[in-house]
Structure formats: structure tokens, C-alpha cells
1. With charges set only on the Cβ (+1 for Lys and Arg, -1 for Asp and Glu), what does the dipole of the range 216-304 come to about its Cα centre, in debye to the nearest 20?
2. Please get the size of the charge dipole for the chain, origin at its Cα centre, with Cβ charges of +1 on Lys and Arg and -1 on Asp and Glu, quoted in debye to the nearest 20.
3. Of VAL227, LEU75, MET152, which is farthest towards the positive pole of the chain's charge dipole, taken about the Cα centre with +1 and -1 on the beta-carbons of Lys, Arg and Asp, Glu respectively?
4. List the pairs from LYS91/LYS207; LYS222/LYS307; LYS268/LYS307; LYS91/LYS237 whose alpha-carbon separation is above 22 Å, in the order I gave them.
5. Could you run the Karplus curve 6.51 cos²θ - 1.76 cosθ + 1.60 with θ = phi - 60° over the range 139-149 and give me ³J(HN,Hα) per residue in whole Hz, x for Gly and Pro?
6. Sticking to Cα atoms, compute the Rg of the range 216-304 to one decimal and its Dmax as the biggest Cα-Cα distance, whole number, in Å.
7. Count the net charge of all other residues whose Cβ sits under 13 Å from the Cβ of LEU162, scoring Lys and Arg as +1 and Asp and Glu as -1.
8. What is the sum of charges, Lys and Arg at +1 and Asp and Glu at -1, for the other residues whose Cβ falls under 11 Å from the Cβ of LYS268?
Amino acid sequence: MEEPASFQADRINHLFNNFNIAAAAVLLLVIVLTTWFTIRFRRRQGDNSEGAEIYGNRKIEIVMIGIPALLLAWLFYQTLSVAGDVMPYSKPRRPPDIIITGHQFWWEVDYPGSHVITANEVHLPVGRQLVMEMRSADVVHDWWVPQLGNKMDLVPGVKNYLWLNIHRPGNYIGTCSEFCGEQHAWMRISVVAQEPADFNRWLDSNKVAASPPQDDLGRQGKALFEVRSCANCHRVKGTSAAGTAGPDLTHIGSRSTILTGLMETNEKNLADWIEHPQEIKHGAYMPEFLFAKDSIRALAHYLEQLK
């Protein structure tokens, strides 16, 4: 949070620090006054009196009530100002640039108008005011990337919106911040912020269909993927696989990680996931298939080539 990378995060961080400064000032004042009162009005040896009661000092009462009231009013004004900057409208006045849908336990990423759908690894351009539509396919999720700004709940049946203007390229990590089930801790967010030219190249590369298998083992894996249950849940553009229940796998081989950051993308990890999904991410909707070792190897080899 102290390294903001977007306009929204800058504003939130500024407000956060104002609250911290105000709280530190009040704490320091309380410590100084408590120390002074303790020394100034301590019971001296031989003095057994109850001490004088002092009341009715209007100047002190005005100071004690007035200064905190002014401080709270200033912080309230700052909060409203930041809220207006971070979320200028309750609903956007134009179509969203990106649609994020939370699933147990992964993120679907849709770029409307470009026919690009991916999962978990979110690519965004810098220097543009983006509108993100936030949805949920099952339970309440919560999108939060601390360096990019505010959190936003994803509620079933409701469309919420997030405004984002990133000013620095980089990789930013976030997480689901609303307990959403057994694998909530491994529902990470990976945002890749890119210069517009780099983002456009990435978007163009993801518009095309999946690259065909490069060898016999890959072709065997593709055939298995299309005739077995894989194609019922997953989509691979350019093939007969058109499922929507699970992540789109058209370019899974080009993603740095799988399972929302749990494992690096490579053939071995893909094979382990296909063979023992519930051991790796228990509670996910990926079922335990009883594939032969050769079939698992062919499937993993095919998926790793999808770039």
C-alpha cells in the first residue's frame, strides 16, 4: 500500500497516511498529557487528601470538544473527496474495458470486443482510465491488489465496477480478500501492467487460435483433450473444446503460473495437476480422473505447447 502504482492507490494512500498522522498526533498528545498529569498531580508524602475537583472551565471544554470535532470533520471531508476520485460514478457511462468473474477458485478475465478470454493472469495497459466490471459465478469474492487501489466485492447476480488508472508498468500481486471456501488462500491475483504498445501486442497474440501441436505426443494429447471430459469444462480456441465451467486454456502455456500462482507453468506441474488435482488444490472443482500415465503425459505435453 505504501508503494502505490495507480491514481486510485495514490489517493487512498494519501488518505491512509493522513489518518495515520492524525492518530499519531493524538497518541503523542495523550502520552504527553498523561505523563505531565502523573508528575504534576502525583500524591506527595504525607498528603492524604482526595485532591481538588476542578470543573466548569469553558475554555478547556471548548478546546477538548472543538479540536477533535474539527479533526473529524476534516477527515470526513478528505474521505468523501477520495471516494469521489476513486469511484466517480455508481455505474460507468461506457462499456467496461475488462470483465473479471470470480470462481471457486480462479479468476476469469474477459476483454469485451476483442474476443479474448483468459484466466488468472490479468494484463492491463498503463496510462488509461479503465473500467472493470466485477462479477461472481458462485459465492462472494473480493478483488484486492494493494498497489493498485481499493477492494471490490464480487457478488453473485450483481455487477460492481472498479475504476483503475495505472501509471507504472510492473507485476502486481493481490488476493481474494473475502473468505470464499477451502482454497481461499490460494486464490491469488496476478496483474501484469504494460505499456500500451506491449499490451496491444499481447492482446493481438491472444486473439488467435491455439497453436497446433508440434509433435506426435502433442497431437495425441489434443485428441485426448477433445474426446475426454476435458473439453466439457475447458475451452481451447480453434478446437472443438468449448467448455466454460473451467478456465480457458487457449494460451495456458504462455502464462507464468497455473492454479492462481500455486505452481509454475511447466509440463511436470501440469501432469501432476491432471493426475492428482484434489491433492494439490483440495476443494477445487477439477475432478480426479483415472487417466493412464501415458495419457497424462500426452495431455500435459499438449497443454504446455498452447502458447
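1. With only Lys, Arg, Asp and Glu charged at Cβ, the dipole is about 240 debye.
2. Charge dipole of the chain: 800 debye, to the nearest 20.
3. Most positive-ward Cα: LEU75.
4. Numbers: LYS91/LYS207 28 Å; LYS222/LYS307 14 Å; LYS268/LYS307 17 Å; LYS91/LYS237 32 Å.
Going by Cα-Cα distance, LYS91/LYS207; LYS91/LYS237 fall outside the 22 Å limit.
5. Residue by residue, the range 139-149 yields 10, 6, 10, 9, 8, 8, 10, x, 6, 10, x Hz.
6. In Å, with Rg to one decimal and Dmax whole: 11.9, 34.
7. Here the charged neighbours net out to 0.
8. Computed value for this residue: -4.
No value in this document is a laboratory result; all are computed from the given coordinates. It should be emphasised that the depicted structure is a prediction, and the values quoted were computed from it without experimental measurement. Positions of Cβ are generated from backbone atoms using ideal geometry, with glycine treated the same way; all protein chains shown enter the neighbour counts.
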